[in-house]
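The values are calculated or read from the model by the stated rules, or taken from the named source; none is laboratory data. All values derive from a computational prediction rather than experimental measurement. Cβ sites come from the backbone with ideal geometry, for glycine too, and all protein chains shown count toward neighbours. Keep in mind that these areas ignore ligands, DNA and RNA; they rest on the heavy atoms of the full protein, side chains included. Shrake-Rupley method; radii C 1.70, N 1.55, O 1.52, S 1.80 Å.
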Amino acid sequence: MGEGNLGDDAVMLGFAHAAEKAGFEMTVMSGNPEETSRYYGFYTCPRMDFKQIEATLAKVDALVFPGGSIFQDTTSIRSVGYYAKLVTMAKKANKKVFLVGQGVGPLKTFLGRRMAAGAFNDADGIAVRDPGSLEALKELGVKKAARATADCAFLMPPPSDTNDDNDFSVGGMKAVGIAPRLLDRKTDVVGLFAEFCRLLYQSGSMPVLIAMDRKEDGDLALEISKKQGGRIPDLRKVMTPMQLQQRLRRMDSVIAMRLHGGILAAGVGVPPLMVAYDPKVSAFAKQLGLGGAVSMEGITAPRLLDAYLSFQKDRERNGRLLEKRLEDLRKQAEGNIELVVQGMGGRT
């Protein structure tokens, strides 16, 4: 938490909501402890202050990693190294370690794979958010038993009611949320979504850009809008997942590259069309059962528009399917808490 990423915050909030109901008290590692405490009321510990982390570990009974794709080395091996170090610190302090709701990989480097395997093998309980992550653990040579659950963000409480229950529209047009993210330099995400927004507007819907990551996606939203004369509305100043869900539930649809853009939309009953740049996005689309994700490979703005219009034709059916599927996913996500409860010897 505390890094300005709404997806990371949603994972922690979902886990915390369920863990508190189970009787646990928590201290949360945060990149911005003051902000995390102010928005969410958690006791916090600076995530890069290893002396404070060591002192905090001495006071608690367990270290829990509630989810995310933290064991991956696509962006940098530093992520794997950081979280593997935390596991080592906890075990040296004779604390239990639970890795729940995990998305595993991609892990492409020898060192990354070795550190990740070591961390999972040291854990006292493992749960992953999709079947593909179970396979990834086997490929890593992890010997500990693991179960498939679902993302902890599905455990977030429903957002509070607002004074306006009407659909979110701009200029009388139904709003469609778009949650893009940057990729490598070869992929022109800005050009793709700028043109898609233009085509979407021409088709009768108003695009609204969603910044799931305050810095990275906020700058991206500005660049996309600039391509269209700065006229595309955005949600760059939404500070919490609850605020975002209040807006998402009033939208006609959501198109998401960002995994938790799709999860948060699904959580308030809005069927998301996922755009897959990573196996975790494809895995989530498969979990939802609303049709496969749109692949980024060979994608163009007209093709994305065609995929969206086709998806929208089945909106009512998808809405009914999503309602049933959400119930299953929430029950699966509760398995993350059950694993911790069992590992700690029952409810407190």
For this session: Please list, ordered by first then second residue, the pairs with beta carbon atoms under 9 Å, 6 or more apart or interchain, first in segment 270-285 and closer than 16 Å to residue 320 by Cα, second of a type in the set (Ser, Thr, Tyr) and in a helix (DSSP H, G or I).
Result: 273/308
Exercise. Among the residues of segment 107-132, which ones are in contact (Cβ under 8 Å) with a residue 60 or more places away in the chain, closer than 24 Å to residue 10 by Cβ and in contact with a Gly (Cβ under 9 Å, 6 or more places away or on another chain)?
Worked result: 125, 127, 129, 130, 132
For this session: Report whether or not residue 303 is among the charged types (D, E, K, R), surrounded by fewer than 19 Cβ atoms within 10 Å (Cβ to Cβ) and in contact (Cβ under 8 Å) with a residue 40 or more places away in the chain.
Result: no
For this session: Tell me, yes or no, whether segment 273-285 has at least one residue that is at pLDDT 95 or above and out of contact with any strand residue (DSSP E or B) (no Cβ under 9 Å at 6 or more places or on another chain).
Result: no
For this session: Can you give me the ranges of the helices (runs of 4 or more DSSP H) entirely in segment 224-333 with at least 3 residues that are of a type in the set (S, T, N, Q) and within 26 Å of residue 157 (Cβ to Cβ)?
Result: 241-248
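In the set 59, 91, 108, 95, which member is under 20 Å from residue 277 (Cα atoms), more than 21 Å from the chain's Cα centre (by Cα) and not polar (S, T, N, Q)?
Matching residue, one of 59, 91, 108, 95: 108.
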Seminar exercise, completed: The correct count of residues that are in a loop (DSSP other than H, G, I, E, B) and among the aromatic types (Phe, Trp, Tyr) in segment 44-74 is 0
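In segment 282-300, which residue that is within 20 Å of residue 133 (Cα to Cα) and touching a Phe, Trp or Tyr at 6+ places or on another chain (Cβ under 9 Å) is surrounded by the most Cβ atoms within 10 Å (Cβ to Cβ)?
Here the answer is 293.
Rundown of residues vs (1) open to solvent by 10 Å² or more (accessible area, probe 1.4 Å); (2) within 17 Å of residue 333 (Cβ to Cβ); (3) not in a loop (DSSP other than H, G, I, E, B), yes/no style:
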{"residue": "107", "(1), (2), (3)": "yes, no, no"}
{"residue": "111", "(1), (2), (3)": "yes, no, yes"}
{"residue": "117", "(1), (2), (3)": "yes, no, yes"}
{"residue": "121", "(1), (2), (3)": "yes, no, yes"}
{"residue": "127", "(1), (2), (3)": "no, yes, yes"}
{"residue": "134", "(1), (2), (3)": "yes, yes, yes"}
{"residue": "138", "(1), (2), (3)": "yes, no, yes"}
{"residue": "143", "(1), (2), (3)": "yes, no, no"}
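Can you find a residue in segment 31-52 that is under 22 Å from residue 343 (Cα atoms) and either of a type outside the set (Phe, Trp, Tyr) or in contact with a strand residue (DSSP E or B) (Cβ under 9 Å, 6 or more places away or on another chain) (or both)?
The answer is no; no qualifying residue exists.
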Exercise. Within segment 306-333, restricting attention to residues that are of a type outside the set (A, V, I, L, M, F, W, C), within 18 Å of residue 264 (Cβ to Cβ) and under 19 Å from the mean Cα position of the chain (by Cα), which residue is surrounded by the most Cβ atoms within 10 Å (Cβ to Cβ)?
Worked result: 332
